[in-house]
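Student: I'd like to ask some things about the structure below.
The values are calculated or read from the model by the stated rules, or taken from the named source; none is laboratory data. Remember, predicted model here, so these are calculated numbers, not experimental data. Cβ atoms come from the backbone with ideal geometry, glycine included; neighbour counts cover every protein chain shown.
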Amino acid sequence: MSMTVDEAWDRIEEWLRANAPAVHAELPPPAAPGEIRAAQDAVGCAFPAELVASLARHDGSGGFLLPPLHALYGTRLIVKEYHAYRRADQRRGPGERRWWEPRWIPVAQDGCGNSLFVSQEPGPSFGRVGDHAKDEGGSFSDEGEWASLGAYLASTARGLHDGVWGDYEPCVDGEGFLDWREPSEGVAADWDMGRLNRGFGFG
């Protein structure tokens, strides 16, 4: 059953409130309509309706990581990262593969230099969530959870409530913080991506 962006966030918040209260407490407030309009003006491209709806709910995701380890950008970081990607693309030499398209809107990062974006390019990629690898550029998956930002949020909500998202399970530590781990990971890794993201202030 499909969900709206608000319904997906309702389900996400319900689970976090009950199971990861520290993460729930870190969810950012909504972006103001003027902030969303200013961000669209700054990148020169209208945001998809689902991104607007998500920003109107939370201006980023704070300490909440969507699976497998992505933190949603708020309006400020969308603009900052968009222009950083555009500058990097413009520095590429003749004949090099295009690294970033002007109508790709960055929406999340994994703390390792890779990101997710929503394509507003006309054609088959329109509206889809793409994966941007720092060394290879953008690509798209045919999996249903990447069909749109709304589909990704809905799959996250289902993953929390079902206890599994693809090869990952939601794991909450003793302090109420959430990470996504493969079932074989019996112990925490030496580094904790959730804590790293919170430390760098992404959201």
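Student: What pairs come out if I take residues in the stretch 27-38 that are part of a loop (DSSP other than H, G, I, E, B) and pair them with residues that are aromatic (Phe, Trp, Tyr) whose C-beta lies under 7 Å away, six or more apart or interchain?
Tutor: Taking only residues 6 or more apart or on different chains, the pairs are Leu27/Phe64.
Each row is one residue, and each column tells you yes or no for (1) in contact with a helix residue (DSSP H, G or I) (Cβ under 7 Å, 6 or more places away or on another chain); (2) at pLDDT 95 or above; (3) not hydroxyl-bearing (Ser, Thr, Tyr).
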{"position": "Asp6", "(1), (2), (3)": "yes, yes, yes"}
{"position": "Glu13", "(1), (2), (3)": "yes, yes, yes"}
{"position": "Pro28", "(1), (2), (3)": "no, yes, yes"}
{"position": "Arg37", "(1), (2), (3)": "no, yes, yes"}
{"position": "Cys45", "(1), (2), (3)": "no, no, yes"}
{"position": "Ala49", "(1), (2), (3)": "no, yes, yes"}
{"position": "Ala53", "(1), (2), (3)": "yes, yes, yes"}
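Student: Within the set of pairs 6+ apart or on separate chains, which have a first residue in the stretch 42-66 that is more than 19 Å from Ile12 (Cα to Cα) and touching a residue at least 24 places away in the same chain (Cβ under 8 Å), a second that is among the basic types (Lys, Arg) and surrounded by fewer than 20 Cβ atoms within 10 Å (Cβ to Cβ), and C-beta atoms under 8 Å apart?
Tutor: Cys45/Arg103
Student: Looking at (1) at pLDDT below 90; (2) of a type in the set (A, V, I, L, M, F, W, C); (3) within 17 Å of Leu72 (Cα to Cα), which is the one condition that is false for Ile105?
Tutor: (1)
Student: Let me ask something else. Filtering the stretch 153-186 down to residues that are of a type in the set (D, E, K, R) and surrounded by 14 or more Cβ atoms within 10 Å (Cβ to Cβ), which residue is farthest from Glu14 (Cα to Cα)?
Tutor: Restricting attention to the stretch 153-186, the residues satisfying the condition of being of a type in the set (D, E, K, R) are 158, 162, 167, 169, 173, 175, 179, 181-182, 185.
With the extra rule that they be surrounded by 14 or more Cβ atoms within 10 Å (Cβ to Cβ), the set shrinks to 158, 169, 173, 179, 181.
On the way: Arg158: 12, Glu169: 17, Asp173: 18, Asp179: 17, Arg181: 21 Å.
Per the stated criteria, the residue is Arg181.
Student: Which of the residues that make up the stretch 116-152 are farther than 16 Å from Pro106 by Cβ, surrounded by 14 or more Cβ atoms within 10 Å (Cβ to Cβ) and not charged (D, E, K, R)?
Tutor: Across the stretch 116-152, the qualifying residues are Ala147, Gly150, Ala151.
Student: Here's a check for you: in the stretch 64-88, which residue that is of a type in the set (Gly, Ala, Ser) and surrounded by fewer than 24 Cβ atoms within 10 Å (Cβ to Cβ) is nearest to the chain's Cα centre (by Cα)?
Tutor: Quick first cut of the stretch 64-88, residues of a type in the set (Gly, Ala, Ser) only: 71, 74, 84, 88.
If we keep only those that are surrounded by fewer than 24 Cβ atoms within 10 Å (Cβ to Cβ) too, we end up with 74, 84, 88.
Values: Gly74: 10, Ala84: 17, Ala88: 21 Å.
Selected residue: Gly74.
Student: Can you pull out the residues in the stretch 1-49 that are basic (Lys, Arg) and out of contact with any Leu (no Cβ under 8 Å at 6 or more places or on another chain)?
Tutor: So in the stretch 1-49, the residues basic (Lys, Arg) come out as 11, 17, 37.
Arg17, Arg37, listed by residue number.
Student: I'd like the full set of residues that are under 21 Å from Arg37 (Cα atoms) and either assigned to a strand (DSSP E or B) or in contact (Cβ under 8 Å) with a residue 60 or more places away in the chain (or both), limited to the stretch 79-115.
Tutor: Across the stretch 79-115, the qualifying residues are Trp104, Ile105, Pro106, Val107, Ala108.
Student: Pick from the stretch 111-144 the residues that are at pLDDT 90 or above and of a type in the set (Ser, Thr, Tyr): which of them is nearest to Phe47 (Cα to Cα)?
Tutor: So, considering only residues that are at pLDDT 90 or above and of a type in the set (Ser, Thr, Tyr), the one nearest to Phe47 (Cα to Cα) is Ser119.
Conditions (1) in contact with a Lys or Arg (Cβ under 8 Å, 6 or more places away or on another chain); (2) among the polar types (S, T, N, Q), marked per residue:
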| site | (1), (2) |
| --- | --- |
| Thr4 | no, yes |
| Glu13 | no, no |
| Pro30 | yes, no |
| His58 | no, no |
| Pro67 | no, no |
| Tyr73 | no, no |
| Arg103 | no, no |
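Student: Then there's this: Could you list, in sequence order, all residues of the stretch 39-61 that are over 16 Å from the mean Cα position of the chain (by Cα) and either surrounded by fewer than 20 Cβ atoms within 10 Å (Cβ to Cβ) or outside any helix (DSSP H, G or I) (or both)?
Tutor: So in the stretch 39-61, the residues over 16 Å from the mean Cα position of the chain (by Cα) come out as 39-46.
Answer for the stretch 39-61, where residues must be over 16 Å from the mean Cα position of the chain (by Cα) and either surrounded by fewer than 20 Cβ atoms within 10 Å (Cβ to Cβ) or outside any helix (DSSP H, G or I) (or both): Gln40, Asp41, Ala42, Gly44, Cys45, Ala46.
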